[in-house]
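One structure below.
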Amino acid sequence: MFESLTEKLTGALRSLRGTGALTEANMADALKEVRAALLSADVHFTVARDFIARVQAACVGQAVLKSVSPGQQVVKIINDELVKLLGEGTTELAAKRPLKVLMVGLHGSGKTTSTAKLGKLLKKKGARPFVVGCDIYRPAAIDQLEILAKQEELGFYSDRVTKDVPALGTTGLATALAQNADVILFDTAGRLQIDTDLIEEVKKLKAAVTPDEIILVADGALGQEAVNVAKAFHDALGLTGLILTKLDGDTRGGAALSIKSVTGVPIKFIGVGEKTADFEPFYPERLASRILG
Ligand code: GDP
């Protein structure tokens with residue numbers, strides 16, 4: 001994951017990792033390289049600029065240049081700032097049961113797959129997940145969800161006839177509760193772009209099922225576009241978390257590094273492949289140290 005970014009950052013920090021003396025000039029050079037590495041990973045321009053400013057301020061505040069091992073201290077400061085960028089604090093779903101989770105996102109983002117992946121993960125942790133297929137416009141999406149639900153032994157409900165999404169949601173919820181489910185995941189309809197109809201429909205579903213979590217599934221390979229999508233969904237719906245998908249392959253990392261600080265919404269899970277097992281809770285500390293190599 002993010003191999004190119006890691007390679008560039010490792011290169012930028014190589015001169016700092018030694019224990020020798022460090023001058024203001026070579027520290028500034030290293031930070032310039034760090035900034036370039038972030039920008040080439042498609043990190044949002046202001047996010048990269050503010051990141052470097054915070055690292056510089058922390059270096060001055062902690063009198064790094066006068067310390068015993070200045071280089072290592074700078075690397076530590078960069079690590080800490082990366083963790084802040086990726087999102088401090090809890091990235092877990094609310095512990096409340098029953099837990100109602102609305103899964104939203106654009107078409108093709110990996111929403112249906114992620115709904116099944118999340119169900120599988122929760123089931124492994126002892127929950128009784130249930131998925132409700134609310135994408136009435138794409139029978140294939142409902143079929144896909146049903147197949148995945150069967151495969152992962154998750155409860156499932158949908159209605160391929162109705163045109164009333166809130167009613168579908170309410171009936172799905174009642175069915176789930178009657179079957180003793182304790183986490184109910186609603187897979188909503190996606191569109192190619194954010195449009196008012198889509199948002200209005202999700203708002204009505206939200207009012208009908210009163211979710212505890214509204215999770216946006218965003219395609220991490222889209223870089224800054226994913227950040228813009230997240231911002232628009234958050235403004236309209238009030239998101240409680242994000243799932244960034246497709247972080248496998250050659251994704252550069254810009255979305256993962258910018259999305260929390262631009263939107264204020266924490267990444268809770270990441271998708272790292274097409275299989276239902278290719279899904280992980282998001283740990284900022286782990287990713288920060290992985291990125292720093
Ligand atoms: P939806 O339209 O948002 O419901 O998207 P789907 O769940 O149907 O996924 C769209 C495509 O992305 C499918 O081919 C999935 O297998 C693929 N996909 C979903 N998540 C990931 C991921 O984390 N990594 C990769 N490589 N592919 C993914």
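Rule-based calculations on the coordinates, nothing more; no lab input. Small disclaimer: the values here were computed from a predicted structure and weren't measured. No Cβ is skipped: glycine too gets one built from the backbone with ideal geometry, and neighbour counts run over all protein chains shown.
Footprinting exposure proxy ranking of Tyr137, Tyr157, fewest other C-beta atoms within 10 angstrom first, gives Tyr137, Tyr157.
Here the 3J(HN,Hα) profile of the stretch 83-91, calculated from phi with Karplus coefficients 6.51, -1.76 and 1.60 at θ = phi - 60°, is 4, 4, 5, 6, x, 7, x, 6, 10 Hz, Gly and Pro shown as x. For the pair the stretch 59-137 / the stretch 160-231, the C-alpha centres are spaced 19 Å from each other. Proximity of backbone amide H atoms, modeled 1.01 Å from N, is registered between Val183 and Leu99, Arg128, Phe130 at under 5 Å, excluding neighbours fewer than 5 places apart on the same chain. Taking the Cα centre of the chain as origin and assigning +1 to Lys and Arg Cβ atoms and -1 to Asp and Glu Cβ atoms, the resulting dipole is close to 600 debye. The alpha carbon convex hull volume per residue for the stretch 22-69 rounds to 63 Å³. Projected onto their three principal axes, the Cα atoms of the stretch 66-123 cover extents of 53, 30, 17 Å, largest first.
Counted residue by residue at 0.36 nm each, then reduced by the alpha carbon distance between them, the extension gain from Tyr283 to Ala174 reaches 35.9 nm.
Fewest-first ordering of His234, His44 by other beta carbons within 10 Å of each residue's beta carbon gives His234, His44. Go through Lys100/Lys204; Lys117/Lys203; Lys117/Lys246 and tell me which ones have a Cα-Cα distance over 22 Å in this structure. Correct reply: Lys117/Lys203. A Cα-only calculation for the stretch 98-240 places Rg and Dmax at 13.9, 42 Å. By the count of neighbouring beta-carbon atoms within 10 Å, fewest first, Ser40, Ser158 end up ordered Ser40, Ser158. Each helix, a run of at least 4 DSSP H residues, gives -39500 (n - 2.57); summed and divided by the residues of the chain, these come to -17000 deg cm²/dmol at 222 nm. Three principal axis extents describe the C-alpha atoms of the chain; from largest down they are 71, 38, 30 Å.
With each label modelled as a point 7 angstrom along the Cα→C-beta vector, the Ser15-Lys32 pair spans 0.9 nm. A full extension of the chain between Leu39 and Asp164 corresponds to an added length of 40.5 nm, given 0.36 nm per residue minus the alpha carbon distance.
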